[in-house]
1. Which entry in (i) 78, 41, 33; (ii) 76, 49, 29; (iii) 68, 41, 37 is this structure's computed Cα extents along the principal axes in Å?
2. Using the alpha-carbon atoms, what tilt in degrees (0 to 90, nearest 10) does helix 18-27 show relative to the longest principal axis of the chain?
3. Could you check which residue among T72, T183, T160 shows the biggest mean-square fluctuation in a GNM of the chain with a 10 Å Cα cutoff?
4. Give the separation of the Cα centroids, the stretch 36-76 to the stretch 201-248, in Å.
5. Pick from Q164, Q95, Q179 the residue whose mean-square fluctuation is largest in a GNM of the chain, springs joining Cα atoms under 10 Å.
6. Place a +1 charge on the Cβ of each Lys and Arg in the stretch 10-138 and a -1 charge on the Cβ of each Asp and Glu, then give the dipole magnitude about the Cα centre in debye, rounded to the nearest 20.
7. What is the angle, in °, between the Cα long axis of helix 115-149 and the longest principal axis of the Cα atoms in the chain? Nearest 10 is fine, range 0 to 90.
8. Which pairs, out of K127/K210; K76/K111; K49/K127; K159/K255; K127/K211; K8/K114, put more than 32 Å between their alpha-carbon atoms?
Amino acid sequence: MTDIKLSKPTILIVDDDPAIRLLMSHALSGSDLNIIEAESGEQAIEKFKEYSPELTLLDVTMAGIDGFECCTEIRKLPNGSHAAIVMVTGLDQPQDIEKAFHVGATDFMTKPLKWPIFSHRVRYILKANQTLRELSLHKDMLANAQSIAHLGYWQWDFKTPAFQCSDELYRLMGLDPQQQDITYAGTLRCVHPEDRTTFMNAMRSALHDKKSYDVEYRIVRKNGDIVNIHDRTDVTQNFGQWMLTGTLHDITSRKRSEQKIS
């Protein structure tokens, strides 16, 4: 077995034509990449499990498991969701390309390949996919930090009724992010009746006077639980478009401590 150095990007070439695999390997030869090969869809799945390549160049037309089915199976693997998969095919009909993206392909290349630009395109896809993976990692880290801090995030561009919200904000509101959008009217219904005037005045000032606000109020969840919220919202303008951006912090524990001290 070839010793694969994890510091280098690994590319899996899958094609039942040994000549094509040889040409691809030669075009990508260099010290900056690790190249592994598979001659069938079945073997590609096993190779993917073993090496977790950053990029898979996957032929569509193969005996046994074809490229479409192989792509589907790879996406189900633990490391398959974030890897780049490029379908390499002689099929160039719109329905074939649509099917490739439907099964989870990142991109596609049509045969015959243009060898002078093949290597450049592969490296561009690797770089773009690495950027997406880093963004995904940062997003997960931010979501974890917000969950630990009980801090929710929301944004409203006024173009649609719904706010763009983090999952933690849904949790603070006692709502399911998969079931409904959060709107101004919906948020107002969740605010404790005694605090609605405070919330409405702050929002009205932001909408009409473009003033940021920093207020506290209570949220009543569907199950009856009351959560104390610190809402800090800024009003900004990007490319001529006004936008509200806010954070909701669960300060229930602090409020309880203050009451005990009092």
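1. (i)
2. For 18-27 against the chain, the angle is about 60 degrees.
3. Checking each option, the largest mean-square fluctuation is seen for T160.
4. The stretch 36-76 and the stretch 201-248 have Cα centres separated by 49 Å.
5. So, out of Q164, Q95, Q179, the one fluctuating most is Q179.
6. Values: 12 positive and 19 negative charges, 103 e Å.
Around 500 debye, computed over the stretch 10-138.
7. Between the helix axis and the principal axis of the chain, the angle is about 30 degrees.
8. Numbers: K127/K210 41 Å; K76/K111 27 Å; K49/K127 22 Å; K159/K255 36 Å; K127/K211 41 Å; K8/K114 25 Å.
With Cα atoms farther than 32 Å apart: K127/K210; K159/K255; K127/K211.
FYI, it's all coordinate maths here, none of it is from the lab. Note that this is a predicted model, so its numbers are computed, not measured. Cβ: placed from backbone, ideal geometry, glycine included. Neighbour counts: every protein chain shown.
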